[in-house]
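Nothing in this text is a laboratory measurement; each read-out follows from the coordinates by a stated rule. What you see is a predicted model, and the numbers here were worked out from it, not measured in a lab. Glycine gets a Cβ as well: all are built from the backbone with ideal geometry, and neighbour counts include every protein chain shown.
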Amino acid sequence: MDEWRSLRVVLVAPGFPVSDDDSDKPFLLDHAKALIAAGLQVTVVCPSLPGVPARQMIDQIEIIRVRYAPRRMETLAATGSMYREARGLKALLVPAMVGAMLVNVLRSVRRCKESTVVYGHWWMPGGLVAVLAARLTRRPSIVHLHGSDAAVAEGRVMKKLAQVVLRMADQRLAASPELGKWASELCSQAVDALPMPLVFERLPEPSPVPDHGFVLGVGRLVPEKGFDVLIDAIARFDEEQRPELVVVGVGPERQTLTQRAANLRVSLHLPGAVSPDELSNWYRKARIVVVPSRREGFGLVAAEAAAAGRAVVGTSVGGIPLVVESGRSGLIVEPGNVDALHEALTEVNPDWGVNGPALVAHLGSTSHGQFVRQLCDNLAEDDD
């Protein structure tokens with residue numbers, strides 16, 4: 001790798017944290033910081049958010065938030081689930097957002113004096129904008145797929161568009177081998193697996209499991225995260241033996257989950273959104289961590305819990321089986337199976353968490369940044 005080469009990456013994403021404490025997609029900020037640490041210059045282009053400046057700097061990362069509609073209508077990036085937000089009449093805002101992002105990415109690329117790689121997160125809208133901008137400026141492009149990408153590609157038109165975007169990209173990445181296999185079959189091109197990085201410095205040091213700790217879930221309160229299945233599984237315990245359940249996160253299912261837990265007499269605590277630093281305290285206080293997802297790109301929560309020394313009960317989706325060794329650091333069950341999840345909750349040994357850190361030691365920020373740096377160097381050299 002040429003340590004002296006000046007190289008900029010323009011990241012295109014459907015959202016980006018507004019600070020180090022922001023709980024919305026913190027892994028994208030961790031990813032950008034890893035690239036900075038690897039010697040890359042980073043500019044981020046993403047949709048505007050109400051009340052957030054159009055331009056920001058966070059730890060040398062230039063962030064450009066793009067206007068695409070009147071302020072009161074700019075809500076596509078506000079919930080953290082754009083594929084859900086962009087429905088009905090709001091879908092009409094998507095072409096305007098894509099066009100505005102494309103214009104700003106083109107400006108960012110053309111004003112760069114150094115070599116540039118355009119890097120899109122999610123095939124829509126980040127990947128679409130990235131490959132178009134790269135073609136128009138004759139720069140190389142990368143498309144990085146995450147959890148919702150396969151769901152967004154349902155239907156003949158969207159599937160075809162995803163196929164075109166992936167074939168136009170010079171390099172394709174996916175958050176897990178499972179997602180990479182789906183993408184490779186779709187576009188008949190190679191797709192490498194690269195999960196988002198773990199920031200070990202932010203996670204708690206592995207510590208003894210508390211005797212009276214709770215069961216912890218972390219994630220957006222949406223159906224694909226499977227927290228309804230977790231509530232049902234806990235309800236299968238005799239009432240006097242039911243563990244307390246804490247689910248950290250926000251989302252449209254909050255009231256539904258609250259009512260479900262009340263009906264089943266499950267003790268559920270929903271603390272809402274917490275900063276990445278605060279989340280480490282929840283891991284430390286938990287007895288076990290459960291990731292009951294119906295779908296995942298990778299399953300970063302499972303990896304974080306393993307790094308924190310907590311046993312994990314997770315489903316066989318995304319990259320969860322790669323970071324949880326069933327019977328050694330946790331247990332793996334099929335998604336959506338209440339009986340299997342209940343059985344796993346009764347059988348898992350919280351002390352297995354001591355084996356977790358070794359299984360995720362390779363997922364740190366340094367190795368992540370170096371991988372992307374080498375990839376970008378190779379693409380830039382091929383483009384010269």
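Values computed for the structure shown
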quantity: Per-peptide average of other Cβ atoms within 10 Å, ordering 51-58, 273-280 highest first; calculated: 273-280, 51-58
quantity: Loop-resident sites, segment 142-214, for GluC sites (Glu not before Pro), counting at most 10 other Cβ within 10 Å (DSSP); calculated: Glu154
quantity: Sequence-distant residues sharing a close amide H with Tyr68 (under 5 Å, placed H); calculated: Ser48
quantity: Antiparallel %, DSSP beta bridges [both residues in the chain], to 5; calculated: 10
quantity: Gain on full stretching of the segment that runs from Ala91 to Glu334 - 0.36 nm per residue minus C-alpha separation; calculated: 84.1 nm
quantity: Magnitude of the charge dipole, segment 140-191, Cβ model with Lys/Arg +1 and Asp/Glu -1, debye to 20; calculated: 180
quantity: Ala54-Asp21 FRET efficiency (beta carbon distance; Förster radius 35 Å; 0.05 resolution); calculated: 0.95
quantity: For Ser176, residues with placed amide H under 5 Å, excluding near neighbours; calculated: Leu194
quantity: R0 of 56 Å, Cβ-Cβ distance Glu205-Val103: FRET efficiency to nearest 0.05; calculated: 0.75
quantity: Projected label distance in nm at Thr258 and Val164, using a 7 Å step from Cα toward the beta-carbon; calculated: 4.4
quantity: Share of pairwise Cα separations in segment 200-362, more than 27 Å, in percent; calculated: 13
quantity: Karplus (6.51, -1.76, 1.60) ³J(HN,Hα), θ = phi - 60°, over segment 196-213, in Hz, Gly and Pro reported as x; calculated: 5, x, 8, 9, 4, 5, 8, 8, x, 4, x, 9, x, 6, x, 4, 10, x
quantity: Reported label for calculated Rg and Dmax of the Cα atoms in Å given (1) 21.8, 72; (2) 20.8, 68; (3) 27.6, 87; calculated: (2)
quantity: Alpha-carbon centroid distance for the pair segment 366-383 / segment 138-191, whole angstrom; calculated: 19
quantity: Extension gain from Arg236 to His269, taking 0.36 nm per residue of separation minus the Cα-Cα distance; calculated: 10.1 nm
quantity: Interchain or long-range residues, amide H under 5 Å from Val42's placed H; calculated: Val9, Glu62
